[in-house]
Amino acid sequence: MELLAKLSEAAGIPGREEEVRSLVKEALAGCVDEIEVDRLGNVVAHKKGKGPKVVVAGHMDEIGFLVSHIDEENGFLRIEPVGGFDPRTLIAARVVVHTQNGRLLGLIGTKPIHILTDEEKKKEVRIQDLFVDVGLPGKEVKERVRIGDPVTLHQSFAQVGELVSGKSLDDRMGVYVGIEALKRAKNHQADIYFVGTVQEEVGLRGARTSAFAIDPDIGVALDVTLACDMPGVQAHEQVTKLGKGVAIKLKDAASISHPGLVRFLVALAEERKIPYQMEILPRGGTDAGAIQLARQGAAVVTISVPTRYVHTVVEAAHKADIEAAIQLLTAFLENCHKADLRL
Ligand SMILES: [Zn+2]
């Protein structure tokens, strides 16, 4: 969990994944045969085997912002989102502005309720109306901050009851599960590539180019999925539940899982008594969507960790589900050469 905490707290908006990239490289050193960084910034780690060729992908990027405007007089910053936010969750948050010469802490402020008119209270929150206060005079802000500097949400990783919670579990969780399984996998025949992908949140971009280069038979995306087992959500809309096991995806908006891979994962989970649940996600997608369509296509599936409050700084996952995901992926890597992928 120490690695997950570090990954969660690291910054990496799409296209600026360097902090996460160095954590991934460091964590994998010694347990794979080769590690390369490609032109887009994907970390590609190769654990050699006879075949089939398997790509396991977890995305390193997180939703965040770029500085889009600097108010030179008062020092307030305006921000452009990269990835899908619910603006309501951004009010009263702390952020970090990553300047060329170090970090600045910032505040997403808002007018106090005392001076809001009835009209304003009803108004929807829009990202273009938000501003970041770095607590410095305009002149100094202008010297230190540049247009395009990344801005990430500030949040520490925490254990909350049986859960872990923090920012960017989407998808440092997938990166963590992939690294842990690679460390645990012993006897494997598969030729395994683990890819820490870039720019997933803006359209599965790193997965697309890395899968083209690797040309895999099988692709496994690792990601979080929605667990909406919370007040106000009916049973049929919950997608998954925390504590009920790793989720094996059947479908989302970007991919349909290969039935042979789904059968194989279910059989593995049953045999090893790994708790699992089936997942159908109506909206959203994972790197599997891009891997599936690389070159002449690959058989894909997504192994998901159920997560509450996705795309907020209090994303929360159950420790037992995380362990189940690592166990299932490890068993898959050791045995996937036996999977029957005939349709
Ligand atoms: Zn994700």
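Please treat every number below as a calculation from the coordinates, not as lab data. From a predicted model like this one, the values you see are computed outputs, not experimental measurements. A quick note on method: Cβ atoms are made from the backbone with ideal geometry, for glycine too, and the neighbour counts reach across all protein chains shown.
Things worth noting here:
- The trypsin sites (Lys or Arg not before Pro) of the stretch 1-81 that DSSP puts in a loop, and whose beta carbon has at most 13 other beta carbons within 10 Å, are Arg39, Lys48, Lys50.
- A convex hull fitted to the Cα coordinates of the stretch 64-153 yields 92 cubic angstrom per residue.
- Degrees separating the helix 169-184 axis from the principal Cα axis of the chain, which is the longest one: 30
- Lysines whose Cα lies under 16 Å from that of Lys111, excluding same-chain neighbours fewer than 8 positions away: Lys121, Lys122, Lys123
- Whole-angstrom gap from the stretch 156-179 to the stretch 23-59, using each part's C-alpha centre: 21
- Estimated distance in nm for a label pair at Thr110 and Lys50, the labels positioned 7 Å out from Cα along Cα-to-Cβ: 6.0
- Qualifying GluC sites (Glu not before Pro) in the stretch 239-306, where qualification requires a DSSP coil assignment and no more than 15 other C-beta atoms within 10 Å, are lacking entirely.
- Rg to Rh, two decimals, where the chain supplies the alpha carbon set and Rh follows Kirkwood: 1.00
- Under a Gaussian network description of the chain, with springs only between Cα atoms under 10 Å, the residue in Leu104, Leu242, Leu250 that fluctuates furthest is Leu104.
- Sparsely packed loop sites in the stretch 86-153 (the GluC sites (Glu not before Pro) outside DSSP H, G, I, E and B with at most 14 other Cβ atoms within 10 Å) comprise Glu124.
- For the stretch 215-240, backbone nitrogen atoms closer than 18 Å to the point 7 Å from Val160 Cα along Cα-to-C-beta are found at 224-233, 240.
- Karplus-derived 3J(HN,Hα), 6.51/-1.76/1.60, for each residue of the stretch 250-255, Hz, glycine and proline x: 9, 6, 9, 6, 10, 8
- Basic side chains Lys and Arg get +1 at the Cβ, acidic Asp and Glu get -1 at the Cβ, and with that the dipole of the stretch 16-98 about its Cα centre reaches some 560 debye.
- Measuring r between the beta carbons of His337 and Asp129 and using R0 = 51 Å, the FRET efficiency lands at 0.40.
- Cα-based shape type of the stretch 210-287, given that a ≥ b ≥ c are square roots of the gyration tensor eigenvalues and the cut on a/c is 1.5: oblate
- The lysines within cross-link reach of Lys338, meaning a Cα-to-Cα straight distance under 29 Å and a gap of 8 or more places when in the same chain, are Lys47, Lys48, Lys50, Lys53, Lys183, Lys186, Lys244, Lys249, Lys251, Lys273.
- As a proxy for reagent exposure, ranking His98, His69 by other Cβ atoms within 10 Å from fewest up yields His69, His98.
- For the chain, the 222 nm mean residue ellipticity estimated from helices alone, with every DSSP H stretch of n ≥ 4 adding -39500 (n - 2.57) and the total spread over all residues, rounds to -8000 deg cm²/dmol.
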